[in-house]
Amino acid sequence: MVEQAFGEFRRIVGEEFVLDNVEKIRRYHRCTIPVERVIDGVLLPGGVEEIRRIVAIANRFNIRLYPISTGKNWGYGSANPVRDRNVILDLSRMNRILEVNKELAYAVIEPGVTQRQLHDKLTSGKTGLMMDPTGSGPACSVLGNALERGYGITPYGDHFAATCGMEIVLANGEVLRTGFGHFGTAKAANVYKYGVGPYIDGLFTQSNFGIVTKIGVWLMPEPERFEACYFSCDKESDLGRLIDALRWLLLNRVVKGSINVVHRNRALTMLTRYPWEEMSGETPLSEAVYSQMAAEKRVGAWNGVTALYGASEEVSAAKKVIKRLLRGKVARINFASEQTLRLAERFPKLIGLLTGMNISEVLKVLKPSFAMMKGRPGEVSLPTPYWRMKKPVPPRDIDPAEDSCGLIWLSPVVPMTKENAEEFIGIIRPIFARHGFEDCITFTAVNERSFDCTLPILYDKSDPLETKRAAECHDELFRACMDKGYIPYRLGIQSMAGLVGGGDVFWDVVQKLKQALDPQGILSPGRYSTI
Ligand code: ADP
């Protein structure tokens, strides 16, 4: 059966775009979480018509297809399917930017369009528009991240919120266009999200209801003025008061984008490696060595970063409000424009004296994070998975899955209050400690009312015992967060089976929708679903 189906697939996409031997599919197995699936093969279709024909064959021969855009879902399963014996539908060849509308500030793109590609198109075409990058690097898909409801830090940071209009190949081979897109005459298909009638776009995010082949993405005009803002606190206990101030700034729209609050431990993973020598090979990292490293790198207990975008007057006014609100709550606050960055590069000692920061160290992270906030995708977050690795971080094109790094993400959502943040920290810290890992917290304001807390479990994948402990640590964290009501906004492939079902009406409805849209269950079985 499978062989016959592959014969058909070859006829559809061509010999070179069917991968079915171990060697060729090896890279699809590579995964930073301790999970590896049996993959029956990989198909790389070149367009919608081919996908429709593939879907017909899959129904006929009962083949399970697992669509990915670029497969860089690191820390959540990379390109691996949720269950064994799937055929990966790699859409990376479908990488056309179909439209960039400068006036209305949007683009229409295919799944394989990478962050780098979109950024380059916007800058080389002098469009005056910018994209919102996510932290997973220039080579990852814009569409794939939006479907997982990922985010960045600019005012267009909620990636699903910034989509408008989808094209989807359904499991029966029909092509669905959402919003106004299904009216052939529609003028506003990519500028008005809801269309008329039920709004169904959300059904195709974090689901297994269809293969998304096109998406409209809203873009932001390059601001007249841009300034990044960096602040830090010295004490762990400063967090509560800081959160109250940040919530006010967000709810009152003084800050239009996101705010990241990065714990010392996490900041150090971006700046340096695990100090194996100082620790004489022992893990986890001791508080004494942590304090010493933080002092050396001038990293605070909590380190905040955000940016201001807008008209010049607006940015000046926002700076004043931020300074007033954060006075007495942070130990340091600095704003950085292009000019100040250039100055810091030229006179690191002087600026270091003025700001109390180790400028050459700070610049290593500041420059790429600054560029990201200006819409340029970068690799500033990608050294984190190398924390416990004994080999160096590649200078560019960082691929933690390729380098066998150990990284498991857990991303619970925490209401933006002092009480919730403190309770949450109290839950997760002892679990990390018990399993011998460093807790590396980042709170990201995904909207004005909640933080997504990204928690990486960083481990050495070449050590089987440590790998086992990492999986156990993740599972315990997951259970504890669920018990206390801090539910993750997104799941790794290892967690889906445990979350869905259980007689919950929500998952029953999801199952009914799945049965209606994909009666044979050929698409991504088990993905946020019981079937
Ligand atoms: P990225 O490289 O941006 O992390 P992926 O291609 O890994 O994105 O996508 C993340 C997840 O979203 C995939 O594992 C897959 O389940 C789902 N997905 C990605 N692209 C599509 C698509 N075009 N249609 C349906 N589901 C998709």
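When the stretch 180-206 is examined, which residues are found to be closer than 27 Å to Ile54 by Cα and either within 9 Å of the ligand (Cβ to nearest atom) or not aromatic (Phe, Trp, Tyr) (or both)?
Gly181, His182, Gly184, Ile200, Asp201, Gly202, Leu203, Phe204, Thr205, Gln206
Do we find a residue being more than 16 Å from Gly378 (Cα to Cα), at pLDDT 95 or above, more than 12 Å from the ligand (Cβ to nearest atom) and in contact with a helix residue (DSSP H, G or I) (Cβ under 8 Å, 6 or more places away or on another chain) anywhere in the stretch 67-74?
No, that holds for no residue.
Of all residues in the stretch 212-225 being within 16 Å of the ligand (Cβ to nearest atom) and out of contact with any Pro (no Cβ under 7 Å at 6 or more places or on another chain), which is farthest from Glu49 (Cα to Cα)?
Once the filter is applied, the top-ranked residue is Val217.
Output the number of residues of the stretch 503-525 satisfying the condition of being polar (S, T, N, Q), farther than 28 Å from Leu410 by Cα and either within 16 Å of the ligand (Cβ to nearest atom) or touching a residue at least 40 places away in the same chain (Cβ under 8 Å) (or both).
1
So which of Val108, Val82 is buried (at least 18 other Cβ atoms within 10 Å of the Cβ) and either without any contact (Cβ under 8 Å) to a residue 40 or more places away in the chain or assigned to a strand (DSSP E or B) (or both)?
Matching residue, one of Val108, Val82: Val108.
For the stretch 189-206, which residues satisfy the criterion of being under 18 Å from Asp158 (Cβ atoms) and in a loop (DSSP other than H, G, I, E, B)?
Asn190, Val191, Tyr192, Lys193, Tyr194, Tyr199, Thr205, Gln206
Would you pick out the residues in the stretch 149-162 that are within 19 Å of Ile68 (Cβ to Cβ) and either away from the ligand (no atom under 12 Å from the Cβ) or surrounded by fewer than 20 Cβ atoms within 10 Å (Cβ to Cβ) (or both)?
Arg149, Phe160
Residue by residue through the stretch 115-148, note down the ones that are polar (S, T, N, Q), more than 8 Å from the ligand (Cβ to nearest atom) and within 23 Å of Met270 (Cα to Cα).
Correct list: Gln115 only.
Under 9 Å between Cβ atoms, which residue pairs at least 6 apart in sequence (or on different chains) link something in the stretch 149-174 that is within 18 Å of Gly137 (Cβ to Cβ) with a partner that is acidic (Asp, Glu) and buried (at least 24 other Cβ atoms within 10 Å of the Cβ)?
Matching pairs, first to second residue: Tyr151/Asp132; Gly152/Asp132; Ile153/Asp132; Thr154/Asp132; Gly157/Asp132; His159/Asp132.
Say whether the condition of being without any contact (Cβ under 8 Å) to a residue 40 or more places away in the chain, farther than 30 Å from Trp248 by Cβ and not in a loop (DSSP other than H, G, I, E, B) is met by at least one residue in the stretch 449-468.
Scanning the stretch 449-468, I find at least one residue that is without any contact (Cβ under 8 Å) to a residue 40 or more places away in the chain, farther than 30 Å from Trp248 by Cβ and not in a loop (DSSP other than H, G, I, E, B), so the answer is yes.
Looking at (1) of a type in the set (Lys, Arg); (2) in a loop (DSSP other than H, G, I, E, B); (3) free of Cβ contacts under 8 Å to residues at least 12 places away in the same chain, find the lone condition where Arg429 falls short.
(2)
Pick out the one residue from Met94, Met131 that is in contact (Cβ under 8 Å) with a residue 40 or more places away in the chain, over 23 Å from Leu43 (Cα atoms) and buried (at least 22 other Cβ atoms within 10 Å of the Cβ).
Of Met94, Met131, the one residue that is in contact (Cβ under 8 Å) with a residue 40 or more places away in the chain, over 23 Å from Leu43 (Cα atoms) and buried (at least 22 other Cβ atoms within 10 Å of the Cβ) is Met131.
Checking the condition in a loop (DSSP other than H, G, I, E, B) and either touching a Gly at 6+ places or on another chain (Cβ under 9 Å) or more than 9 Å from the ligand (Cβ to nearest atom) (or both), which residue from Asn95, Asn59 passes?
That would be Asn95, the only listed residue that is in a loop (DSSP other than H, G, I, E, B) and either touching a Gly at 6+ places or on another chain (Cβ under 9 Å) or more than 9 Å from the ligand (Cβ to nearest atom) (or both).
So, in the stretch 214-264, of the ones that are in a strand (DSSP E or B) and polar (S, T, N, Q), which residue ends up surrounded by the most Cβ atoms within 10 Å (Cβ to Cβ)?
It comes out as Ser232.
For Phe209, state whether it is within 13 Å of the ligand (Cβ to nearest atom), touching a residue at least 60 places away in the same chain (Cβ under 8 Å) and among the aromatic types (Phe, Trp, Tyr).
yes
Provide a single number: the residues in the stretch 331-389 that are crowded, with 18+ Cβ neighbours inside 10 Å, part of a loop (DSSP other than H, G, I, E, B) and among the aromatic types (Phe, Trp, Tyr).
1
Going through the stretch 503-527 one residue at a time, which ones are crowded, with 21+ Cβ neighbours inside 10 Å and in a loop (DSSP other than H, G, I, E, B)?
If the condition is that a residue be crowded, with 21+ Cβ neighbours inside 10 Å and in a loop (DSSP other than H, G, I, E, B), then Asp518, Ile522, Ser524, Pro525, Arg527 are the ones that fit.
Being without any contact (Cβ under 8 Å) to a residue 60 or more places away in the chain, closer than 15 Å to Phe209 by Cβ and surrounded by 17 or more Cβ atoms within 10 Å (Cβ to Cβ): is that true of Val500 here?
Answer is yes for this residue.
Criterion first (surrounded by fewer than 19 Cβ atoms within 10 Å (Cβ to Cβ) and either acidic (Asp, Glu) or part of a loop (DSSP other than H, G, I, E, B) (or both)) does Glu419 satisfy it?
Against the criterion (surrounded by fewer than 19 Cβ atoms within 10 Å (Cβ to Cβ) and either acidic (Asp, Glu) or part of a loop (DSSP other than H, G, I, E, B) (or both)), Glu419 qualifies.
Take the residues in the stretch 273-289 that are within 18 Å of Arg434 (Cα to Cα) and among the hydroxyl-bearing types (Ser, Thr, Tyr), then tell me which one is surrounded by the most Cβ atoms within 10 Å (Cβ to Cβ).
Residue satisfying both the conditions and the ranking: Thr283.
The values are calculated or read from the model by the stated rules, or taken from the named source; none is laboratory data. Because the structure is predicted, anything quoted here is derived from the model rather than measured. Neighbour counts run over all protein chains shown; Cβ positions are idealised from the backbone, glycine included.
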